[in-house]
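J.: First the structure, then my questions, so here it is.
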């Protein structure tokens, strides 16, 4: 299931994830609080289904899910490592496996740094600036586990 990233429901969901209350969302957008609540319930169902489908497709055993934050914590069966599935407003649905990467030689180095910075910012989490995406990811996902 692909999430409708351009739908208003997703906008409401990202606003709530960043700490805006349902009443404040309704007031800002000129919609009833009940409409926001219904839309968020529907979005939570979509988020839950998407996270579970991604876990199933990637053979990740689910440990915890937080639909309001869009995070699934689990364990990859084939890779025998911790895994995090998360939803980013900018980057969509992402799967991240705990690993010791050789980031200096990886072609996706810049992409990983950008993804981690963007996602931390979306969640309002501050991570230490470093040139090693693996260390950034470790720090970010330790902090995420506290949220879930």
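The values are calculated or read from the model by the stated rules, or taken from the named source; none is laboratory data. Predicted model only: the values in this text are computed from it and were never measured. Heads up, the Cβs are rebuilt from the backbone with ideal geometry, glycines too, and the neighbour counts pull from every protein chain shown.
J.: If we scan segment 50-63, do we find a residue that is touching a helix residue (DSSP H, G or I) at 6+ places or on another chain (Cβ under 6 Å), part of a helix (DSSP H, G or I) and over 23 Å from residue 114 (Cβ atoms)?
T.: Taking segment 50-63 and keeping what is touching a helix residue (DSSP H, G or I) at 6+ places or on another chain (Cβ under 6 Å), we get 62.
Subsequent filtering for residues that are part of a helix (DSSP H, G or I) retains none.
No, segment 50-63 contains no residue that is touching a helix residue (DSSP H, G or I) at 6+ places or on another chain (Cβ under 6 Å), part of a helix (DSSP H, G or I) and over 23 Å from residue 114 (Cβ atoms).
J.: Which of the residues that make up segment 1-49 are in contact with a strand residue (DSSP E or B) (Cβ under 8 Å, 6 or more places away or on another chain) and closer than 18 Å to residue 147 by Cβ?
T.: 47, 48
J.: If only one of 107, 94 is without any contact (Cβ under 8 Å) to a residue 12 or more places away in the chain and either farther than 16 Å from residue 145 by Cβ or in contact with a strand residue (DSSP E or B) (Cβ under 6 Å, 6 or more places away or on another chain) (or both), which one is it?
T.: Numbers: 94 fails: without any contact (Cβ under 8 Å) to a residue 12 or more places away in the chain.
107 is the lone residue from the list that is without any contact (Cβ under 8 Å) to a residue 12 or more places away in the chain and either farther than 16 Å from residue 145 by Cβ or in contact with a strand residue (DSSP E or B) (Cβ under 6 Å, 6 or more places away or on another chain) (or both).
J.: Given the structure, is residue 3 closer than 25 Å to residue 125 by Cβ, in a loop (DSSP other than H, G, I, E, B) and at pLDDT below 95? Break it down stepwise before answering.
T.: Details: closer than 25 Å to residue 125 by Cβ: yes; in a loop (DSSP other than H, G, I, E, B): yes; at pLDDT below 95: yes.
For residue 3, the condition - closer than 25 Å to residue 125 by Cβ, in a loop (DSSP other than H, G, I, E, B) and at pLDDT below 95 - is met.
J.: Moving on. Does segment 126-136 include one or more residues that are touching a helix residue (DSSP H, G or I) at 6+ places or on another chain (Cβ under 8 Å) and closer than 24 Å to residue 13 by Cα?
T.: Scanning segment 126-136 turns up at least one residue that is touching a helix residue (DSSP H, G or I) at 6+ places or on another chain (Cβ under 8 Å) and closer than 24 Å to residue 13 by Cα.
J.: Could you tell me whether any residue of segment 93-109 is touching a helix residue (DSSP H, G or I) at 6+ places or on another chain (Cβ under 7 Å), farther than 27 Å from residue 7 by Cα and assigned to a helix (DSSP H, G or I)?
T.: Yes, because at least one residue in segment 93-109 is touching a helix residue (DSSP H, G or I) at 6+ places or on another chain (Cβ under 7 Å), farther than 27 Å from residue 7 by Cα and assigned to a helix (DSSP H, G or I).
J.: Okay, next question. Collect the residues in segment 30-51 that are in contact (Cβ under 8 Å) with a residue 12 or more places away in the chain and either buried (at least 17 other Cβ atoms within 10 Å of the Cβ) or farther than 17 Å from residue 3 by Cα (or both), keeping them in residue-number order.
T.: If the condition is that a residue be in contact (Cβ under 8 Å) with a residue 12 or more places away in the chain and either buried (at least 17 other Cβ atoms within 10 Å of the Cβ) or farther than 17 Å from residue 3 by Cα (or both), then 36, 37, 39, 40, 43, 46, 47, 50, 51 are the ones that fit.
J.: I would also like to ask the following. If you take the residues in segment 115-148 that are in a helix (DSSP H, G or I) and in contact (Cβ under 8 Å) with a residue 40 or more places away in the chain, which one is surrounded by the most Cβ atoms within 10 Å (Cβ to Cβ)?
T.: Per the criteria, the residue is 137.
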